[in-house]
Each structure stands twice: as C-alpha cells, then as structure tokens.
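Report on the structure given below.
The values are calculated or read from the model by the stated rules, or taken from the named source; none is laboratory data. Worth saying up front: this structure is predicted, and the values here are computed from it rather than measured. In this analysis, Cβ positions are derived from the backbone assuming ideal geometry, glycine residues included, and neighbour counts consider all displayed protein chains. Areas reflect the complete protein model, heavy atoms only, side chains present, ligands, DNA and RNA absent. Shrake-Rupley method; radii C 1.70, N 1.55, O 1.52, S 1.80 Å.
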Amino acid sequence: MLRAGIVGLPNVGKSTLFNALVANAKAEAANFPFCTIEPNLGMVSVPDERLQKLTEISHSEKTVPTRIEFVDIAGLVAGASQGEGLGNQFLSNIREVDAIVHVVRCFADDDIIHVSGSVDPVRDIEVINLELGLADLAQIERRWERTQKTARNNKQAQEELVILEKLRTTLDAGQAARHAPLSAEELEVIKFLGLLTLKPIIYATNVSEDDLGKGNDWVEQVRTVAAQEQAEVVVISAQVESELSALSASEQLDFLEALGVQEGGLRSLIQATYTLLGLRTYFTSGPQESRAWTIPIGTKAPQAAGVIHTDFERGFIRAETVNFQDLIEHGSLMAAKEKGLVRSEGKDYLVQEGDVMLFRFNV
C-alpha cells in the first residue's frame, strides 16, 4: 500500500490538512510548534469516478477503491538531523514512507506564528532539505565505516563502497541523493538504507482561500525550486479542505466552483503522487465487487494478477481485458465482447491505465 508522509516546518498547516484529508482523523492541530509528537496515521480512499460506473454496470454488491495511507509527521526545524526539536525521531518516521508531501506555507496571517518569523517558502524548503540531506550523509558515513572493514576481500562490499561514494559526493555538493548518478541496479543495492532525499517529493503549497484558484508569487517561487528538483507541485488550502470535509459531495462541487477550481486537494495530491511514482490503476468488476488496483507502470499481466493473490500470478493462463471507456460506452461486458473489444492477453501484456481485467489461472 502506498504511504505518503506529510512534512514541513511547524505551523505550516500539516495537521489541518491531514485532518481534512483523512476520514475520522483525530490529529491535533494547534498554533504552536511540535503540536504533533507521534506520527498520525490515516487511510484515504482514492477518489475515482470510473469505479462507481463499473459498480453500476456490474451491479456489484461492493465497491472497493484503492487506498493511500497518509502519515502526519511532526514539524521539523533547523538542526533536526542533530536531534533538534525531537528531530531524530521525526526523521526516522519519514524513512518508512514511499513519497514525501512537503507542505510549504504560502499565505500571510499575523495570527499564525511562523517558526522563522516571516513567510519565505524558498528558505523554508532549504531548511527542510538541508536537514534531510545531513541525516542521509550521516547514515552514509556510518554505513561506509562498517562496509570498509569487510571490503578488502569482499567484492560485494567493494561495489557498495563505490555506490556510497557517489552518494556522498552528491550530498556534499548540496544535492539530494535522487540526483546521484546511480543505475537501477545500484539503487536496489542501497534501497535498505531508506535514504530520505532519495524519496520523491511533492511540494504542497498551502495558500489562502483567495489564492487557491490562481496561486501567488510564493507559489511561483516553489515551482521554480521544484522544477530544479524534478518534483511535483500542488496548490492547496488546508483551510478550504477543512471546510470541504464538512460538506456533501454536491456542496463541495459548488464550493470549489465558486473558488474557481475544479478539484480539492486530496485529488490533486493523489494525482501528483501517482505521476511521481509512476503508478497505474486497473480494475476488476463483477457481481460481488468492483475494485481498483494500483500497479507500477510497466507491470505485465501475471504480476498485476499477483497483486490480487500470489496464486493468480503462479497459475496465470490469460487475462480477458477491455478498456474502461469501451466497456462504459457499450454498457456491458457482453456487449463489448460482441463488438470484439474484449481481448485475451498473455504473459507479456503490459497492463494499461484503466484496463478492466478478468484473470484466468490454474494452480
């Protein structure tokens, strides 16, 4: 299951956003640093209108969306890598997530304390990124010392030292580990380290309600930083999300339309996360349930089947596959079959976004 950690300086709106995004979340949100001590966890269903349409076509008893777990991690400050503000504890929580949602304050409000005394998103980003980089560098140094002791007669250890040196050089230059010149095989070797700056980042620019539709100069500053880092940017308003969470679906649409935006922060965050991590969604649908499944881009049919159950992958025979749009257009699987739109795909088929699949297997 995908896990995204929400991080940032204290009082930038992390817990307010978390409370709004996560159904029944009880994360405390208050106007003082280190309000959040232990990470708050919450499961969020991924909104997808396609799934509801499949439920209607198949007359499914259940609708099961795919889910994301959000982790609200306490505010970081300068010196976190050295333990400031309980930093070591907070940084360890980030190591366990797949992606980092970095909430950056891009609104002015004299009533909400800024830990650095003023609103400056570029400075705030630099503070967080520096602490993540220093924590990674310290971990690499520790790993280097241990590995060097066995490297003389151990080829595997020698190869690891080469990788660690590339990482150390990159971090010493002030860059994130994700910019190190490493191959996919080399990345796999050091995956166990859980390096913080190796994780993909989404910058969530927290703006006022008035700036949600058009953004502001602070948001543009963040976009410039993100472009250099090959990161994603979403514009959100934690306050608006908080208000939306108390409204019905139709009321939410009316509210968003009045603000000049088409979707809320949750959908924007999820779309950005899927793009950044290279993920796709396929569906299974029948009388019992219609369900969404998440897979990496480039997944073949047997491995996609294995997401449901290992037996499906082990005994894979074929996958009856139809494009979602074709199925919806013709109203039923039977009608799509009559039009020749349902395909029989084998072991080498690369699953596409929106495929509706029925797996045939034998174990």
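Details
- Listed conditions (1) within 24 Å of G8 (Cβ to Cβ); (2) hydrophobic (A, V, I, L, M, F, W, C); (3) outside any helix (DSSP H, G or I) are all met by L182, apart from (1).
- Here the stretch 46-78 is the region considered, the condition is being at pLDDT below 80 and open to solvent by 20 Å² or more (accessible area, probe 1.4 Å), and the residue that is nearest to L253 (Cα to Cα) is V77.
- Whether a residue is of a type in the set (A, V, I, L, M), under 16 Å from Q52 (Cα atoms) and at pLDDT 95 or above was assessed, and V356 passes this test.
- Search result, residues across the stretch 239-259 that are surrounded by 13 or more Cβ atoms within 10 Å (Cβ to Cβ) and not in a helix (DSSP H, G or I): S245, L247
- Output for the stretch 128-155, where each listed residue is open to solvent by 30 Å² or more (accessible area, probe 1.4 Å) and in contact with a Ser or Thr (Cβ under 9 Å, 6 or more places away or on another chain): N129, L130, L134, L137, A138, N154
- From T224, T197, residue being within 27 Å of L171 (Cα to Cα), part of a helix (DSSP H, G or I) and in contact with a Leu (Cβ under 9 Å, 6 or more places away or on another chain): T197
- Odd one out for G346 among (1) surrounded by 15 or more Cβ atoms within 10 Å (Cβ to Cβ); (2) farther than 30 Å from G213 by Cα: (1)
- Checking each residue in the stretch 258-276 for being of a type in the set (A, V, I, L, M) and under 9 Å from the mean Cα position of the chain (by Cα) picks out L269, I270, A272, L276.
- For the stretch 106-115, the condition holds for at least one residue, the condition being that it is assigned to a loop (DSSP other than H, G, I, E, B), at pLDDT 90 or above and open to solvent by less than 10 Å² (accessible area, probe 1.4 Å).
- Check on Q262, outside any helix (DSSP H, G or I), open to solvent by 60 Å² or more (accessible area, probe 1.4 Å) and farther than 14 Å from L358 by Cβ: yes
- Sole residue being open to solvent by 20 Å² or more (accessible area, probe 1.4 Å), within 12 Å of F359 (Cα to Cα), among the charged types (D, E, K, R) and in contact with a Phe, Trp or Tyr (Cβ under 9 Å, 6 or more places away or on another chain), chosen from R291, R318: R318
- Close pairs from the stretch 131-145: first within 10 Å of L171 (Cα to Cα) and in a helix (DSSP H, G or I), partner open to solvent by 30 Å² or more (accessible area, probe 1.4 Å) and hydrophobic (A, V, I, L, M, F, W, C), Cβ under 8 Å, at least 6 apart: D136/L198
- The stretch 308-326 residues that are at pLDDT below 95, paired with ones that are loosely packed, with under 14 Cβ neighbours inside 10 Å and part of a helix (DSSP H, G or I) (beta carbon under 6 Å, 6 or more apart): none
- Selected residue (criterion: least open to solvent (accessible area, probe 1.4 Å)) from residues of the stretch 171-227 that are under 21 Å from E96 (Cα atoms) and of a type in the set (K, R): K199
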